[in-house]
């Protein structure tokens with residue numbers, strides 16, 4: 001496994017704002033694609049070498065590959081999970097404002113409103129479908145990474161203080 005180059009703003013903002021394309025599930029047996037999944041995880045776990053902090057999530061976009069793939073740490077299990085072609089459904093639209101940062105926007109943190117609970121449908125690296133219900137910080141991580149697939153940065157959603165009718169939570 002090897003670390004991939006994490007692209008950052010402002011130099012790569014245009015690339016970070018590109019919407020990603022679905023992964024062709026018929027190509028999951030491609031060894032290069034499987035190696036990419038491993039390298040992407042290695043990059044997330046060793047991001048400190050490049051940007052000064054390790055991540056709890058990373059999308060393919062952040063290494064300049066525009067495919068709908070990301071890794072997100074399941075903080076309850078302390079285990080990363082690979083999401084391929086994820087789809088998110090809101091289960092609890094209660095908004096929670098929490099502190100976020102991003103490997104592609106080093107040293108910037110801000111308060112971001114996110115929904116409390118989601119259902120995510122996705123495929124694993126073997127092409128098997130899965131569904132998981134996430135809440136709290138796990139839901140926040142997945143929503144952040146999903147936004148990357150849509151070309152959205154957390155700074156687009158930052159608020160100066162708690163959003164109306166929500167509570168402020170500091171996850172750092």
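Which numbered condition trips up residue 49, out of (1) within 19 Å of residue 154 (Cβ to Cβ); (2) modelled with pLDDT under 95; (3) not in a loop (DSSP other than H, G, I, E, B)?
Failed condition: (1).
Out of the stretch 99-133, which residues are in contact (Cβ under 8 Å) with a residue 40 or more places away in the chain and farther than 17 Å from residue 72 by Cα?
105, 106, 107, 108, 109, 110, 111, 112, 113, 126, 127
Report, by residue number, each residue of the stretch 115-127 that is closer than 19 Å to residue 41 by Cα and surrounded by fewer than 20 Cβ atoms within 10 Å (Cβ to Cβ). Don't jump to the end; show me each part of the working.
Step one: filter the stretch 115-127 for residues closer than 19 Å to residue 41 by Cα, giving 122-127.
Selection gives 124, 125, 126, 127.
Can you run down the residue pairs with Cβ atoms below 9 Å, 6 or more apart or on separate chains, where the first is in the stretch 140-151 and at positive phi and surrounded by 23 or more Cβ atoms within 10 Å (Cβ to Cβ) and the partner is assigned to a helix (DSSP H, G or I) and modelled with pLDDT of 95 or more?
none
From 125, 116, which residue is at pLDDT 95 or above, assigned to a strand (DSSP E or B), on the phi < 0 side of the Ramachandran plot and more than 14 Å from the chain's Cα centre (by Cα)? So that I can check it myself, show each step before the final result.
Values: 125 fails: assigned to a strand (DSSP E or B).
Result: 116 is the single residue among 125, 116 that is at pLDDT 95 or above, assigned to a strand (DSSP E or B), on the phi < 0 side of the Ramachandran plot and more than 14 Å from the chain's Cα centre (by Cα).
Write out, first by first residue and then by second, each pair whose Cβ atoms fall under 7 Å of each other, whose residues are 6+ apart or on separate chains, and whose first residue, in the stretch 1-27, is on the phi < 0 side of the Ramachandran plot and without any contact (Cβ under 8 Å) to a residue 40 or more places away in the chain while the second is assigned to a loop (DSSP other than H, G, I, E, B) and surrounded by 13 or more Cβ atoms within 10 Å (Cβ to Cβ).
Correct list of pairs: empty, since none qualify.
Here is a check on your reading of the model: is residue 34 farther than 24 Å from residue 107 by Cβ and out of contact with any strand residue (DSSP E or B) (no Cβ under 7 Å at 6 or more places or on another chain)?
On the way: farther than 24 Å from residue 107 by Cβ: yes; out of contact with any strand residue (DSSP E or B) (no Cβ under 7 Å at 6 or more places or on another chain): yes.
Criteria met by residue 34.
Step by step: first the residues of the stretch 66-90, then only those that are loosely packed, with under 15 Cβ neighbours inside 10 Å and modelled with pLDDT of 95 or more, then the one that is nearest to the chain's Cα centre (by Cα). Which residue is that?
By that ranking, first place goes to 87.
Within the stretch 44-53, which residues are surrounded by fewer than 23 Cβ atoms within 10 Å (Cβ to Cβ) and either under 23 Å from residue 10 (Cβ atoms) or within 9 Å of the chain's Cα centre (by Cα) (or both)? Break it down into steps so the answer makes sense when it comes.
Taking the stretch 44-53 and keeping what is surrounded by fewer than 23 Cβ atoms within 10 Å (Cβ to Cβ), we get 45-53.
Listed by number, the residues that qualify are 47, 48, 49, 50, 51, 52, 53.
The values are calculated or read from the model by the stated rules, or taken from the named source; none is laboratory data. Given the structure is predicted, the values throughout are model-derived calculations rather than measurements. Quick reminder, even Gly has a Cβ in these numbers, built from the backbone with ideal geometry, and neighbours come from all protein chains shown.
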